[in-house]
Amino acid sequence: MARYDSNVPLSNPSSTEATPARALSFEDARRLVERHAGQVSPGKPESLDLLAAAGRVLAEEIRADRDFPPFDRATRDGYAVRAADVTALPTRLEVVGEIKAGDLPECLTMNRGQAVSIMTGATMPAGADAVVMVEYTSAQEVGAREVLDSEIGVSEKAQPSAPVASHSNVATGTTLGWGSRIVEVRHGVSAGENFVPRGAEARVGQVLLGRGRRLDFAGIAIAASVGKDRVQVFRKPRVAVLSTGDELVEIGASPEAGQIRNSNSYSLAAQIQPAGGEPVLLVVAPDEPRRLRALIEEGLQCDLLLLTGGVSMGKYDLVEQVLTELSAEFYFTGAAIQPGRPVVFGACAAGVVGHPSGGDTADTRTGVSAPLKTYFFGLPGNPVSTMVTFELFARPMIEALAGMRPLPLIFLRARLKSEIKTKTGLKRFLPAILSGEFENAEVELARWQGSGDIATLARANCYVVIPPDRERIEAGDWVPLLLR
Ligand code: AMP
Ligand code: MG
């Protein structure tokens, strides 16, 4: 079998007719998965209540049903003013009314020398072009008429448009006596400050969420804002999980000496769900070709098959052999990474082993150019390798089958707490602990016992990524990391 240190296509020893197998760099392997993922089609759409659709992938566009905001919306509690009236400070303005969130927009107009008490979320009155924050004002309950007469002069005095002296609040129907109030303003504002003009966030008809967009909480907020109580989402892809190994027992069993419980099926199921898939756990396959083949055939009925174990060099690592018997195409049979070097990616033509998805998604998955096939990943059995290779390779395929454009891997950077020495040749994703706050964040490798060490992985919160050509990274250097 081809191993990590070769980019040259090699023949698969299991069969002379099999697709040539090859080992790739991490980047080439990831690109290859993304290329295949770009060719798959999601399942049929279904209609769900908005909240049931959280985390699902939109099969429709969501458009603004009106302008956002639908009116000039105040973003502060304070006084709606004309910016030109608050240039010489402090100044006093006649308060001609109050508008709170929910009041109808046509309820008030204000003129020169006037202000309107306004609340966050309320509609700006006609005539105002800014809001002065309440913190920069003092309301004064005095004989306003006299004060204003003396300060701004009778000829320039506000000519309030009705209703002013006794403003009728349209929304509540209460009558407010505003004629006797003035406000002192201590800070100026520029025109446009502290309100968002109608339509500034989005125009009616504008696409707010595209097809293929995951409905996270922000997406849910948008769908709710435009009144979508039901949304069209893609059916989740069914992802078969087949753990292999004679040593494995189910989690309810008491393992004999030499046996271990099957944890990979469960960790994978827990990774498949947030990636947008529906895990289908098969029974554990023994390291015996006939039974293994029957279970692989069962798994290939789903939209994607994830195998764990049985892809290394050992005598009983039979996964590639059995897949070869099923005329699998192998796109790679190793990646230059640690952990997870023996990872395998390929596909089986659907006709060979029956129809994926029981025909449910067959019509939407039939591409004109791409023949119907079911992809599989053979993930190494060591639990940390299984988890890492899932994130690096299987996740984008599940996202694509779920109807999303696969998300790129996001690498952050942090300073290394203590020196790392390693061997060259593999890109390493080593469990690490990111700690410290803000600009003092530092990352340190977790001391681990290798890729079987789930206890250490559970303590880690990220992977430090070490390029294949680095032998030594000094304390204090910036290193890329992948959160987990
Ligand atoms: P393999 O890839 O089959 O050579 O397995 C590598 C290591 O991972 C061995 O120590 C296995 O016992 C362990 N392993 C394989 N499959 C699982 C599983 N499903 N759950 C937990 N450990 C596993
Ligand atoms: Mg095994």
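Summarising the label geometry, the points placed 7 Å from Cα in the beta-carbon direction at Gln273 and Arg290 lie 3.7 nm from one another. Rolling a 1.4 Å probe over the protein heavy atoms gives region 35-93 an accessible area of 47 Å² per residue.
Assuming R0 = 56 Å, what is the FRET efficiency of Glu419 and Ala84, from their Cβ-Cβ distance, to the nearest 0.05? The formula returns an efficiency of 0.30 here.
FRET efficiency for the Leu412 to Asp49 pair, using the beta carbon distance and R₀ = 35 Å, is estimated at 0.45.
For region 191-202, putting each phi into the Karplus relation 6.51 cos²θ - 1.76 cosθ + 1.60 with θ = phi - 60° gives couplings of 4, x, 7, 6, 8, 10, x, 3, x, 5, 7, 6 Hz, in residue order, rounded to whole numbers and with x for Gly and Pro. For region 270-278, the Karplus equation 6.51 cos²θ - 1.76 cosθ + 1.60, evaluated at θ = phi - 60°, returns couplings of 6, 8, 5, 4, x, 6, x, x, 10 Hz by residue, with Gly and Pro reported as x.
Each residue of region 44-56 was assigned a 3J(HN,Hα) from its phi angle through the Karplus curve 6.51 cos²θ - 1.76 cosθ + 1.60 (θ = phi - 60°); the sequence is 5, x, 9, 9, 10, 4, 3, 5, 5, 8, 4, x, 8 Hz, with glycine and proline shown as x. A 1.4 Å probe run over region 230-363, with the rest of the protein chains in place, finds 39 Å² accessible per residue. Averaged over residues, the count of other Cβ atoms within 10 Å places the peptides 416-425, 382-391, 461-470, 253-262 in the sequence 382-391, 461-470, 416-425, 253-262, highest first. Computed from label points 7 Å out along Cα-Cβ, the spacing between Val249 and Met133 is 6.6 nm. For region 81-121, backbone nitrogen atoms closer than 13 Å to the point 7 Å from Arg66 Cα along Cα-to-C-beta are found at 102-106. What lysines could a cross-link reach from Lys417, if we take a straight Cα to Cα line under 25 Å and drop same-chain neighbours fewer than 8 places away? Within reach: Lys427. Under 5 Å between amide hydrogens, built in the peptide plane, is the criterion, and for Arg56 it picks out Leu215 among residues at least 5 positions away or on other chains. Modelled spin-label separation between Leu326 and Glu106, with each label point placed 7 Å from Cα along the Cα-to-Cβ direction: 6.8 nm. Reachable lysines from Lys373, Cα under 28 Å, same-chain residues fewer than 8 places away excluded? The qualifying lysines are Lys44, Lys236. For a label point 7 Å from the Cα of Glu34 along Cα→C-beta, name the residues of region 368-411 whose backbone N is under 18 Å from it. Within reach of a label on Glu34: 389-411. Here region 232-247 is scanned for amide nitrogen atoms under 17 Å from the site 7 Å beyond the Cα of Tyr316 along Cα-to-Cβ, giving 243-247.
The values are calculated or read from the model by the stated rules, or taken from the named source; none is laboratory data. Everything quoted here is computed from the prediction, not taken from an experiment. Using ideal geometry, Cβ is built from the backbone for each residue, glycine included, and neighbour counts are taken over all protein chains shown. To get the accessible areas, we keep the full protein, side chains included, count just its heavy atoms, and leave off ligands, DNA and RNA. Shrake-Rupley method; radii C 1.70, N 1.55, O 1.52, S 1.80 Å.
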